[in-house]
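The values are calculated or read from the model by the stated rules, or taken from the named source; none is laboratory data. Here the structure is a predicted model, which is why all the values come from computation and not from measurement. In this analysis, Cβ positions are derived from the backbone assuming ideal geometry, glycine residues included, and neighbour counts consider all displayed protein chains.
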Amino acid sequence: MRRMNGMLVASLIPFSVIVLLFLFVPLFFMIYGSFQGDGGTGFTFKQYAEIFQNAYYHQAFKNSILISFLSSVIAIVLAVFATYSITLFPKKIQDRILVFANLTSNFAGIPLAFAFIVLLGNSGLFTLIFRHFGWNTLSSFNVYSWSGLVLIYVYFQIPLAVMLLYPVYQGIQIQWKEAASLLGASSSQFWLRIGLPVIMPSIAGTLSILFANAMGAYASAYALTGSTYNLVTIRIGALTAGDIFAKPELGSAIATLLGLTLVVAMLINEWLSRKVRRDLS
Amino acid sequence: MKRPLYHYLTIGIVLLYLVVPLLGTFVYSFATQWHKTILPEGLTFHWYQDLFGDVQFLQSLGRSLILSFGATALSLVIMVPAIFSIVVYAPKLEKFIQSLIVMTYAMPGVIIAVGLIRAYSNSGISMVLVTIGAYFVAILPYMYQGTRNSLRNIHAVSLMEAAQILGASQITAFKKVILPNIMSGILVSSLLSFSILFGEFVLVNLLVGGSFETIQVYLYQKLNQSGHIASAIVVCYFFLICILSAIIVKVTRTKKETV
């Protein structure tokens, strides 16, 4: 029997207390609150019933899922090609591009939304240029709407996608390519028959992480449209943070459902990454 | 190695997409007037002078620093020793930390904020402290990753055994042997955590909002007032991230060279 380890106990107690207080307690209160009636009384499924009956909240979920899915797919398609191209450059350039990706991955939320307003807002740079040359393609474009939001979401998804996919390409061994080409396979045949099947689970896993990332995003949409645009996170914020429409119990129920969605996305990623390892071993 | 043109093209498209918004904001922050013409009518430092002359800006900068620095420091004091103990003495608990990390991914700012408000808004506990606590949890994944990897790289378990066989106490061995060796790794994850927290808006806006205005909240309020000042803030903010990243890259590189 090992003696009691002083350091283990002494360091774990404060750590556990903080995690308990700021992760588990709020989680409990949120789930508990989602089963309460307005004003925090009783036990009821009313809040969930409201979400399932009210078309407004259906729309919020629909919008969030659509924009998350769309932005993730666009970002991953761009990243799949660009990241592969990156791996063909000298190590030094690869490192620089990755540092840059890391840098821009920090450029999200309010600053990012603002940068797009500068480019595409009512007197944005591109808006001015297009107006100057009399091109009307942008006149129907509105950065404060769905299309503007998609551009912003794609922006913060791309660096993440590149950083997650980069190690995946490192897993493709140069020998496989050489072997394939010795046996007469063309480059496209190699990718279609060998490369893509090997990295497919990782791509799908990355997609699920990107999807979860976008589902939980709040600041960009909030900066762009305040509380008007109907996304799940925007609804949660508006229902919870004490303005006149505050209905924290309903907000808790929506947050719980959003959390469940994210858990599912994480589980899919987990399952897929296990699949990769089994295939390669 | 010969590279077909389209490899330059794919990278070019992605880089362009990432650079153009930054560049636009950068130029806009130096522009006098830019409403009608293609290029700005003139260049000026006016907006930066305004910004750094604004007490409200400096105060919000200070508050952001307090929150981000506070949470990072707290995790250095509490989280690093805890992760060390787990990795060295109770590796079975690593699974537990990993599930905590998955939980934090499944509970982004907006969700955790709902729970925190319900739990603490009427409890009399300062919501600023609650925010720091929430930040502590938010940076767990980065601190864990960095600390654990550094500990593995230096073979902390055998180092601890060696130090204790030579007569060092547990605490002395940790302080004199382990800490100096994992310092650079911890520095990197702290800087990373700090820069993430510095850009955090959701939690601080929902939990404390206007009563404890951080730089992100200040920026949000300036968005509708002055585009030029807002872009000056964005440029300063990005500049700060650049400095932090440069330090991270430098530390990581020297670490690789010495190992």
What about A:I93, is it more than 20 Å from A:T261 (Cα to Cα) and either facing chain B (nearest Cβ under 7 Å) or crowded, with 17+ Cβ neighbours inside 10 Å (or both)?
-> no
Before we move on, is A:L20 more than 15 Å from A:L250 (Cβ to Cβ) and either within 19 Å of the chain's Cα centre (by Cα) or crowded, with 16+ Cβ neighbours inside 10 Å (or both)?
-> no
So which residues in the stretch B:98-127 are more than 15 Å from A:V25 (Cα to Cα) and not in a helix (DSSP H, G or I), if there are any at all?
-> B:P108, B:G124, B:S126
Mind checking whether some residue in the stretch B:200-212 is among the β-branched types (V, I, T), surrounded by 20 or more Cβ atoms within 10 Å (Cβ to Cβ) and more than 10 Å from chain A (Cβ to nearest Cβ)?
-> yes
Residue tally, condition at the interface with chain A (Cβ under 9 Å from one of its Cβ atoms) and at pLDDT 75 or above, over the stretch B:30-45 | 0
Tell me which residues, restricted to the stretch B:169-190, are surrounded by 14 or more Cβ atoms within 10 Å (Cβ to Cβ), over 30 Å from A:V99 (Cβ atoms) and not hydrophobic (A, V, I, L, M, F, W, C).
-> B:Q170
Conditions (1) within 7 Å of another protein chain (Cβ to nearest Cβ); (2) of a type outside the set (D, E); (3) surrounded by 17 or more Cβ atoms within 10 Å (Cβ to Cβ); (4) assigned to a helix (DSSP H, G or I); number of the one not met by A:V99 | (3)
Those residues of the stretch B:213-239 which are modelled with pLDDT of 85 or more, farther than 17 Å from B:P21 by Cα and surrounded by fewer than 19 Cβ atoms within 10 Å (Cβ to Cβ) amount to B:Q221
Residues (of a type in the set (D, E, K, R) and surrounded by fewer than 16 Cβ atoms within 10 Å (Cβ to Cβ)) located in the stretch B:141-168 = B:R152, B:E161
Spot the failing condition for A:W135; the list is (1) more than 10 Å from every other protein chain (Cβ to nearest Cβ); (2) touching a Ser or Thr at 6+ places or on another chain (Cβ under 7 Å); (3) among the hydrophobic types (A, V, I, L, M, F, W, C), and only one is missed.
-> (2)
Restricting the stretch B:10-28 to residues that are without any contact (Cβ under 8 Å) to a residue 24 or more places away in the chain and of a type in the set (V, I, T), the residue that is nearest to B:T44 (Cα to Cα) | B:V27
Could you check, for the stretch A:225-236, whether at least one of its residues is surrounded by fewer than 20 Cβ atoms within 10 Å (Cβ to Cβ), at pLDDT below 90 and β-branched (V, I, T)?
-> yes
Kindly provide the set of residues from the stretch A:38-50 that are surrounded by 14 or more Cβ atoms within 10 Å (Cβ to Cβ) and within 14 Å of another protein chain (Cβ to nearest Cβ), ordered by number.
-> A:D38, A:Q47
